Amino acid sequence: MKPEKKALIEVKNLKKHFPVGSGLVLRRRAGAVKAVDGVSFDIRRGETLGLLGESGCGKTTAGRTILQLYRPTSGEVIFSGRDLAKLGRKELRTIRCQLQMVFQDPYSSLNPRSSVHEIVSEPMKIHNLCPSSEYSERVSDLLGKVGLNPKFANRYPHEFSGGQRQRIAIARALALNPEFIVCDEPISALDVSIQAQIINLLDELQDEFKLTYLFISHDLSMVRHMSHRVGVMYLGKIVELTDRDQLYSDPQHPYTKALLSAIPVHDPEIEARRSRIILEGDVPSPANPPRGCNFNTRCPAAKRRCFEEEPDLREVSSNTWCACHFV
Amino acid sequence: MLEVRNLQTTFTTEDGVVNAVNGISYSLQRGEALGIVGESGCGKSVGVLSLMRLIPEPPGKIVAGEVLFQGRDVLGMSMNDLRALRGNQIAMIFQDPLSSLNPVLTIGKQISETVLLHTDRNREQARRHAIDLLNIVGIPDAKNRLDDYPHQFSGGMRQRVMIAMALSCDPLLLIADEPTTALDVTTQAQIVDLVMRLRKELEMAVIWITHDLGVVAGCVDKVIVMYAGQIVESAPIREFYSNPRHPYSIGLLGSLPKLDSASRQKLNSIQGLPPNLIDMPDRCPFLDRCKYRIRDCGMKSPPLRNIGSDHEIACWVDVGG
């Protein structure tokens, strides 16, 4: 399916800071972990936007903040003309029908005491989607869609393998006919041969139900496979946002370059010919990010300006946004 | 240098006997790097733990097989001899560096412990040796960091400390059990780079266990694919990636998206799930998921057979041939 030009969701300068307390008895606010620190992008109807980054870069927090599972510190999330960040609980609940999520760990995201039927029908119950007499039929229908035997509806999560549980989680996300699904590392807890099954399933469902995905992952080749456009995050900020092919063939930001060169390619011929950019050191703490450009502690091309001035995310060529002074 | 013959390990559980490792054989030359690839539960870790006799008994038991390290039988060794071997000639690094380090001892203490046990260096010399090791594995400001505790290091740095410990007695063989699984890609690149550089400098043999076919492609000489406790394919690295012959290997490689493939091509996933390892019948373990099965596959488990140039598969059909 070709994504439309029109944005389904616009994220504007979204920030989520978690307060850090100090002192045992009288908790004082000592600072903040800037998990997401000024992220802007839009997601077009019918597209998959990949959000790529290493652990701790804020990609999961970004996904959750967009869905208002965490209320943002500041910024806007515009969905069908309304700013989700300003909605009250009741209004949010109604609009959440259209916004769903698939979590990383299918072992902890399903209630072990509920049967599959209860898990998948619960959203319908909460949102009064259809009369209760139709639940069974709809659950069977959904299970069939995600490739599970509808007869399994009365079983419990522990009777299923990781891949099957992820299918249940996907069925639950589909139960309300959402427009937009945040897939937060949906395959990283699964084995390789099972990962491909889930990826193919997500692909098929997107075509069938005209879904829009935010696909969050640290797996560069899976993000390439799934996405139309890709945003790369580092330390709470987007450093590069562009079309998939552009990103993988001609990365602009020094971090993206290093990240792409670090992916192991499953072909010894290519591996032997590649030169790796090995980054020194670790990601700095988001509670105490460096002055200037976030990446200046590890950047092989850092110059004086990078330590003084923070680069903005700017459009360096059509459809390519990059946050680096020297691109 | 290392020879493993028909190694079999079982675990006795309430539900029955689990055949975790079911007759694996391979050998390793001095300085060679071997990759063992497989999904979780395929027996790749238990396989190497068994050859160091690190399987908890009970419930685990090595029921058959032979492990020869430099001509000496490891499985029949006394505990004292075994202790001299472990950490000294064969060293190991694990997947999760935080749980393999002792949280209440400084890393200096932990590194020098091995040195004190296996060599006749005294405390002061051991400490200096530990500083050298930390320098080798690329920990900045090694001298001052020696008195830090594991929680003061990041994941990648902890793995470096583990590697420093493993190298402390110049081992002949380093076993790396998914050392980069818990790490990010950029850190993974650092660790792979480090181990392979050290391997050349110290002429160590390396067994690298992973589920990531990408990681081994760049760093080993030979690869073994395991499935349900058995070796299903074994081949030199280039041969394996250009000409995989077992249906499972072909499926695994097909389920990875290629970085140069056309947009959103459907992945060739393997259908179904891995089999239950309890009371496995004598037939090909991959049978239920295999696209190429013939009648014979259900009758008898295929043995590993040579199909030319060091390439072995356990399949009655030989798909690529």
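The values are calculated or read from the model by the stated rules, or taken from the named source; none is laboratory data. As the structure is a prediction and not an experimental result, all values here were calculated from the model. Ideal geometry is used to build each Cβ from the backbone, glycine not excepted, and the neighbour counts take in all protein chains shown. Protein only, heavy atoms only, side chains kept; ligands, DNA and RNA dropped before computing areas. Shrake-Rupley method; radii C 1.70, N 1.55, O 1.52, S 1.80 Å.
Where Rh is the Kirkwood radius over the Cα pairs of chain B, the temperature 4 °C and the viscosity 1.567 mPa s, what D in µm²/s does Stokes-Einstein return? Write out the running numbers ahead of the final one.
Working: Rh = 20.9 Å.
D, rounded to a whole number, is 62 µm²/s.
Using a 1.4 angstrom probe on the protein heavy atoms only, line up B:Lys61, A:Lys15, B:Lys143 by accessible area, largest first.
So the residues, ranked largest to smallest area, are B:Lys143, B:Lys61, A:Lys15.
Modelled label-to-label distance, A:Asp141 and B:Lys300, 7 Å Cα→beta-carbon offset: nm?
It works out to 5.3 nm between the two label points.
In Å², what does the accessible area per residue of segment A:119-262 work out to with a 1.4 Å probe? Mind showing how you got there, number by number?
On the way: 4550 Å² over 144 residues.
Accessible area per residue: 32 Å².
Tell me, in nm to one decimal, what length is gained between B:Ser40 and B:Asn135 on full extension, where the rule is 0.36 nm per residue of separation less the Cα-Cα distance?
Extra length from B:Ser40 to B:Asn135 when fully extended: 30.8 nm.
How large is the accessible surface per residue of chain B, computed with a 1.4 Å probe and reported in Å² as a whole number?
Values: 13960 Å² over 321 residues.
I get 43 Å² per residue for this part.
Calculate what fraction, in whole %, of the accessible area of segment B:150-240 sits on carbon and sulfur atoms when a 1.4 Å probe is rolled over the protein chains.
The nonpolar share, carbon plus sulfur, comes to 44 percent.
Of B:Arg72, A:Arg165, A:Arg172, which has the most accessible area and how do the rest follow, probe 1.4 Å?
Per-residue accessible area, sorted high to low, gives B:Arg72, A:Arg172, A:Arg165.
List the residues of segment B:267-305 for which accessible area in the full set of protein chains is at least 50 Å² lower than for the chain on its own; 1.4 Å probe, protein heavy atoms only.
With the partner chains in place, segment B:267-305 has these residues losing at least 50 Å²: B:Leu267, B:Leu273.
Averaging over all projection directions, find the projected area of the Cα convex hull of the protein assembly as shown and quote it in nm² with one decimal place.
Projected over every direction and averaged, the Cα hull of the protein assembly as shown covers 32.0 nm².
In what order, largest first, do B:Arg199, A:Arg93, A:Arg29, B:Arg121 sit by accessible area if the probe radius is 1.4 Å?
My answer, sorted largest first, is A:Arg29, A:Arg93, B:Arg121, B:Arg199.
Just the C-alpha atoms of segment A:1-136: what Rg/Rh do they give, with Rh taken as the Kirkwood radius?
That ratio is 1.03, to two decimals.
Rounded to the nearest 100 Å², what is the sum over both chains of accessible area buried where B meets A, with a probe of 1.4 Å?
By this definition, chains B and A bury close to 3700 Å².
What FRET efficiency comes out for the pair A:Glu309/B:Gln265, r = Cβ-Cβ distance, R0 = 51 Å, nearest 0.05?
Using R0 = 51 Å, I get an efficiency of 0.75.
Probe 1.4 Å, all protein chains in place: accessible area of A:Glu137 in Å², nearest 10?
Accessible surface of A:Glu137 is approximately 140 Å².
Work out how much length A:Asn13 to A:Asp83 would gain on full extension: take 0.36 nm times their residue separation and subtract the Cα-Cα distance, in nm to one decimal.
Contour length minus Cα-Cα distance gives 23.9 nm.
I'd like the accessible area for A:Glu10: 1.4 Å probe, protein heavy atoms, all chains in place, Å² to the nearest 10.
Estimated to the nearest 10 Å², A:Glu10 gives 70 Å².
With runs of 4+ DSSP H residues as the only contributors, calculate the mean residue ellipticity of chain B at 222 nm using -39,500 (n - 2.57) per run, divided by the residue total and rounded to the nearest 500.
Computed ellipticity for chain B at 222 nm equals -8500 deg cm²/dmol.
Greater than 29 Å separation of Cα atoms is the criterion. Which listed pairs, A:Lys12/B:Lys258; B:Lys266/B:Lys291; A:Lys6/A:Lys237; A:Lys59/B:Lys109; A:Lys12/A:Lys125; A:Lys257/A:Lys303, meet it?
Violating the 29 Å limit, Cα to Cα: A:Lys12/B:Lys258; A:Lys59/B:Lys109; A:Lys12/A:Lys125.
Could you quote the convex hull projected area for segment A:186-327, Cα atoms only and averaged over all directions, in nm²?
10.3
I need the Debye-formula profile for segment A:60-111: one equal scatterer per C-alpha, no solvent, reported as log10 I(q)/I(0) at q = 0.15, 0.19, 0.29 1/Å, two decimals.
Per q value, in the given order, log10 I(q)/I(0) is -0.45, -0.68, -1.23.
Could you calculate the FRET efficiency of A:Asn149 with B:Ser154 from 1/(1 + (r/R0)^6), where r is the beta carbon distance between them and R0 is 45 Å, rounded to 0.05?
In this case the efficiency is close to 0.50.
Using only alpha-carbon positions, what ratio does the radius of gyration of segment A:219-288 give when scaled by 2.2 N^0.38 Å? Show your work: numbers first, answer last.
Numbers: Rg = 13.1 Å, N = 70, 2.2 N^0.38 = 11.1 Å.
That works out to 1.19 for segment A:219-288.
With Rg and the Kirkwood Rh both taken from Cα atoms, where does Rg over Rh land for segment A:268-320? Don't skip to the end; give the middle numbers.
Numbers: Rg = 15.1 Å, Rh = 13.7 Å.
Here Rg/Rh amounts to 1.11.
Can you give the helix-only mean residue ellipticity at 222 nm for chain A, where every DSSP H stretch with n ≥ 4 adds -39500 (n - 2.57) and the sum goes over all residues, rounded to the nearest 500 deg cm²/dmol?
Helix contribution divided over all residues of chain A: -9000 deg cm²/dmol.
Which of B:Ile278, B:Thr210, B:Val17 sits farthest toward the positive end of the charge dipole of chain B, with +1 on the Cβ of Lys and Arg and -1 on the Cβ of Asp and Glu?
Result: B:Thr210.
Please find the FRET efficiency linking B:Leu54 to B:Glu124, where r is the Cβ-Cβ separation and R0 is fixed at 30 Å, and quote it to the nearest 0.05.
0.45
Kindly give Rg over Rh for segment B:78-142, based on alpha-carbon atoms, with the Kirkwood expression for the hydrodynamic radius.
Numbers: Rg = 12.8 Å, Rh = 13.1 Å.
Checking Rg against Rh, the ratio lands at 0.98.
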